[in-house]
1. Give the residue that is nearest to residue 125 (Cα to Cα), with candidates limited to residues of region 84-114 that are open to solvent by less than 80 Å² (accessible area, probe 1.4 Å) and among the polar types (S, T, N, Q).
2. Can you tell me which of 108, 117, 89, 137 is touching a residue at least 12 places away in the same chain (Cβ under 8 Å) and farther than 29 Å from residue 13 by Cα?
3. Can you give me the number of residues within region 5-52 that are open to solvent by 80 Å² or more (accessible area, probe 1.4 Å), under 15 Å from residue 64 (Cα atoms) and part of a loop (DSSP other than H, G, I, E, B)?
4. Could you tell me which of the residues 119, 61, 76 is assigned to a helix (DSSP H, G or I) and either modelled with pLDDT under 90 or loosely packed, with under 11 Cβ neighbours inside 10 Å (or both)?
5. When residues of region 122-145 are filtered for being of a type in the set (Ser, Thr, Tyr) and in a helix (DSSP H, G or I), how many remain?
6. Based on this model, can you work out whether residue 71 counts as among the hydrophobic types (A, V, I, L, M, F, W, C) and more than 30 Å from residue 25 (Cβ to Cβ)?
7. Could you check, for region 52-59, whether at least one of its residues is touching a helix residue (DSSP H, G or I) at 6+ places or on another chain (Cβ under 8 Å) and closer than 30 Å to residue 26 by Cβ?
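The values are calculated or read from the model by the stated rules, or taken from the named source; none is laboratory data. These numbers come from a predicted model, not from an experiment. Backbone-built Cβ (ideal geometry, glycine too); neighbour counts: all protein chains shown. Surface accessibility is based on the protein's heavy atoms, side chains included, excluding ligands, DNA and RNA. Shrake-Rupley method; radii C 1.70, N 1.55, O 1.52, S 1.80 Å.
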Amino acid sequence: MPRSRKYDGVVYRRKETPFWWIRYRDRSGARRRESTFTQDWQEAQRLLRERLQARDSNALDVIRKGEKLSLEQWADFFLENYSKPPVRAEKTHQVNLRVAKHLKNAFASRKLVDITADDIEIYLSDRLRKTVRVRTALGYKQWEY
């Protein structure tokens, strides 16, 4: 008979580091331990609750990957595996390449979890303020949005 688990997760401190650590079990029952990289107990508790909620909604692996991946890495993975034919049309792939180029210039070095909705809104408003130079059969046209 398996041992009952009294707690879902635990916040604790280790002697060799000033940060709080969390310990919890994933969906398969494997024990996970990770640093919260914070000295604030409340913040560590919040992170533990987020991890447990992500585990219960079956999104824990996606969240943990997002903490390690930069936008550039994710965009390259998407373009390679989900943007090319036969998954998408060739024209769609060309559009995705162009979009990825702009997004990489703006957010390349940042982690996926560090990009907020406000960052995206600021990026979009900046892009809309810029003028666009388009090549046509009659030459170049400059458009302003």
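1. Step by step, filter region 84-114, then rank; the result is 96.
2. Working: 117 fails: touching a residue at least 12 places away in the same chain (Cβ under 8 Å); 89 fails: touching a residue at least 12 places away in the same chain (Cβ under 8 Å); 137 fails: touching a residue at least 12 places away in the same chain (Cβ under 8 Å).
The unique qualifying residue is 108.
3. Quick first cut of region 5-52, residues open to solvent by 80 Å² or more (accessible area, probe 1.4 Å) only: 5-8, 13-16, 27-28, 31, 33, 37, 39, 41-42, 46, 49-50.
Applying the additional criterion that residues be under 15 Å from residue 64 (Cα atoms) yields 27, 31, 33, 37, 49-50.
This time we only want the ones that are part of a loop (DSSP other than H, G, I, E, B), so: 27, 37.
Matching residues across region 5-52 total 2.
4. 61
5. Step one: of region 122-145, the residues of a type in the set (Ser, Thr, Tyr) are 123, 125, 131, 136, 140, 145.
Then keep just the ones that are in a helix (DSSP H, G or I); that gives 123, 125.
Of the residues in that region, 2 qualify.
6. Working: among the hydrophobic types (A, V, I, L, M, F, W, C): yes; more than 30 Å from residue 25 (Cβ to Cβ): yes.
Yes; evaluated as a whole, the condition is true for this residue.
7. Our first condition is that a residue be touching a helix residue (DSSP H, G or I) at 6+ places or on another chain (Cβ under 8 Å); within region 52-59, this holds for 54.
Keeping just the survivors that are closer than 30 Å to residue 26 by Cβ gives 54.
Looking through region 52-59, at least one residue is touching a helix residue (DSSP H, G or I) at 6+ places or on another chain (Cβ under 8 Å) and closer than 30 Å to residue 26 by Cβ.
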